1. Dipole magnitude of the protein assembly as shown about its Cα centre, charges +1 at Lys/Arg Cβ and -1 at Asp/Glu Cβ only, in debye to the nearest 20?
2. For the charge dipole of chain A, defined by +1 on Lys and Arg C-beta atoms and -1 on Asp and Glu C-beta atoms about the Cα centroid, which residue among A:LEU215, A:THR130, A:TYR25 has the Cα displaced farthest towards the positive pole?
3. Give me a single rounded figure for A:4-17: the average over its residues of other chain Cβ atoms within 10 Å of their Cβ.
4. Once both labels are modelled 7 Å past Cα along the beta-carbon direction, what's the B:LEU306-B:ASP83 spacing in nm?
5. Can you pull the Rg over Rh of the protein assembly as shown, Cα-only, Kirkwood?
6. In a GNM of chain B with a 10 Å cut-off on Cα contacts, which of B:ILE225, B:ILE75, B:ILE189 has the highest mean-square fluctuation?
7. Nearest 0.05, what FRET efficiency do B:GLU103 and A:ALA117 give at R0 = 30 Å with Cβ-Cβ as r?
8. If you take the charge dipole of the protein assembly as shown about its Cα centre, with +1 on Lys and Arg Cβ and -1 on Asp and Glu Cβ, which of A:ILE241, B:GLY46, A:LEU91 is farthest toward its positive end?
Amino acid sequence: MKNFSRISDEFAQAWTVTLKDIKVYYLRPGMIMFGFLMPFFMFFSFSVRREMAAGEGMSRLLALTIFFTAAAAGPFIIPTERRMGTYDRLLAAPMSLITLLLGKIAVGAFFAIAVAAVASFVGIVFLNGTVAQPALMVLGIIMGAFTFSAMGLIFGSIPTSNPGDVQMPSTLIRWVLLFISGVFIPLADMSPVARAVSYISPLTYAQDLMNHAVLGMGELNLWLDIIVLFVSGILFLLPSIKLHKRGRVLGY
Amino acid sequence: METRPIMTNAIEVKNLTKYYPATGSGQAFLAVDKINFTVEKGEIFGFLGPNGAGKSTTQRMLTSLLTPSEGQIRILGHDLAHDAYPAKGQIGLVPEESNVYTELTAWDNLMFTGRLYRMSKDDRNARAEELLKIFGLWEKKDVKAENFSKGMRRRLSIAMAIIHKPALLFLDEPTPGLDAQSARAIQKIIRQLSKEGTTVFITTHQIEEANQLCDRVAIINQGKIAVIDTPEKLKQTFQQVQSVEIAFTGTPEGIKEKLTALPEVSSVIKIGDKWRLYNDAPPILLPHLVKFAEEENLSILSLNTLAPSLEDVFLQITGQEVGTIKVPPKPNKKRRKGGKR
Ligand SMILES: Nc1ncnc2c1ncn2[C@@H]1O[C@H](COP(=O)(O)OP(=O)(O)O)[C@@H](O)[C@H]1O
Ligand SMILES: [Mg+2]
């Protein structure tokens with residue numbers, strides 16, 4: 001009974017952190033810029049001059065926004081909080097580190113889900129896209145949002161109080177992943193080597209999942225996509241935990 | 001004799017040590033060096049030391065924000081290394097920076113903290129109202145903290161730290177940089193909390209603050225605790241040590257060493273254009289000083305003998321300027337462990 005109330009307490013605390021961050025950070029220029037405008041800008045600059053079916057365009061736009069937006073929150077919010085000194089409040093509170101991390105992951109995930117909703121709207125209304133499996137699309141958006149938010153959190157966990165320190169590497173790595181992951185070049189068109197490389201990126205599976213959902217077909221097994229996203233989301237927690245412990249030794 | 005229940009102390013620290021590890025840009029640094037102390041429940045315990053002494057480092061370890069390199073910490077009976085959770089729920093923390101969420105109103109800042117500490121809605125609302133009124137922020141409850149002055153932010157920060165009625169409150173230099181009125185208001189609140197039974201651990205580099213506020217004071221310098229006692233006892237400890245303050249017309253080479261070498265002088269500090277000489281017997285010293293001035297061809301601009309203050313104790317122990325400092329011998333009488341309450 002006691003354990004149960006502890007668990008429900010921890011969920012409530014995670015949710016408290018999430019709500020607070022939504023209020024405090026969603027309208028910050030850094031979030032709007034890196035989380036909201038950037039993926040749309042990238043999508044349109046890469047789709048210009050390219051013949052693309054509406055469904056295909058929408059599927060890519062979705063994968064791209066979820067990925068880029070979800071992973072933008074962590075590297076922005078945590079270093080900002082460290083700099084303001086407010087992070088100590090969270091670290092000193094009676095909740096486990098995992099709870100705090102889950103709360104922070106949800107912040108990025110919800111932001112990505114909101115942006116993905118806009119992207120779906122753009123896709124359906126302006127690109128005349130049709131969605132083969134709407135329920136799967138919603139599931140894919142939610143899973144991708146949480147997984148990539150957890151990935152962004154790794155960068156946010158790097159012990160520093162300067163968001164600029166982590167913005168660069170995190171943006172760079174996201175770009176690299178974008179290019180190797182079958183977002184701009186479909187898996188089917190890739191050389192065998194490029195394709196082998198693409199399998200190390202979780203974004204590949206998210207894109208494939210979106211293809212299943214929107215186009216009704218993908219290159220890979222649907223269950224493989226789902227399992228890889230789920231497992232990598234959990235594995236992404238490990239470096240964040242380690243880095244937080246390191247931060248507590250270094251004094252951040 | 002009546003039997004008393006076994007009291008757990010609010011804080012017990014044994015051999016606490018912090019090395020900041022070497023990083024790309026810096027060398028490993030020993031910030032806190034094997035310190036030991038105990039804070040009893042209900043005390044206001046002052047951690048007094050100059051900048052860089054290791055006060056914040058110690059406090060961050062006590063609040064589980066920083067991992068110690070060595071040593072044990074017990075907070076309210078809980079070993080912080082293995083059993084931090086129950087301790088964390090019972091402490092409140094006012095860090096050096098007034099870490100309020102500037103984008104949130106005063107009210108929302110308090111609600112957030114109350115939720116984080118799992119207070120019920122009714123408790124949160126009642127307590128937030130009470131605190132905002134005590135802290136003179138009730139009229140501003142719906143104003144975002146970004147529009148607050150430094151003093152108001154600090155007050156809000158303290159309100160956030162005590163919304164859940166912690167048994168133990170940590171404050172890291174709560175008053176420097178504030179206007180006198182805000183500083184006084186904060187000191188008053190700390191006294192009030194203490195009356196209500198809260199144990200208070202406060203770091204400061206302001207001697208007067210420690211003197212007026214604290215039941216006991218630890219003086220920390222370069223990561224080591226030099227002495228722990230009540231402000232009164234500290235002054236008494238140094239009672240036989242008095243000081244003479246003297247200003248000359250010039251500053252010949254090696255003057256400090258020569259002054260230190262005079263009879264009965266235990267240490268010398270330069271304060272502005274004055275030299276302060278700590279010594280056990282001013283009557284013996286004064287003629288020597290006059291003779292010294294004659295020999296050095298100096299005129300004496302001013303000369304005062306000073307009664308010991310806590311500042312003297314502090315300067316004696318911490319004055320970095322004083323390379324040759326000799327800490328005066330401790331009196332033989334046994335030092336009392338706790339402050340009188
Ligand atoms: N994160 C850190 N990494 C390395 N050195 C640090 C760190 N934080 C503090 N220090 C050093 O440790 C010493 C003690 O710092 P601190 O505890 O903040 O002192 P105080 O609070 O008494 O002014 C200082 O010399 C400071 O430069
Ligand atoms: Mg400090």
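1. Numbers: 64 positive and 52 negative charges, 245 e Å.
So the magnitude is around 1180 debye.
2. In chain A, that residue is A:TYR25.
3. 2
4. Here the answer is 4.7 nm between the modelled labels.
5. Values: Rg = 30.6 Å, Rh = 27.6 Å.
Reported Rg/Rh, Kirkwood definition of Rh: 1.11.
6. Maximum among the listed residues: B:ILE189.
7. Efficiency for this residue pair is about 0.80.
8. Of the options given, the answer is B:GLY46.
Each reported figure results from applying straightforward, stated rules to the coordinates on display, with no laboratory input. Predicted model only: the values in this text are computed from it and were never measured. Because the Cβ atoms are built from the backbone with ideal geometry, glycine has one as well, and the counts that use them run over all protein chains shown.
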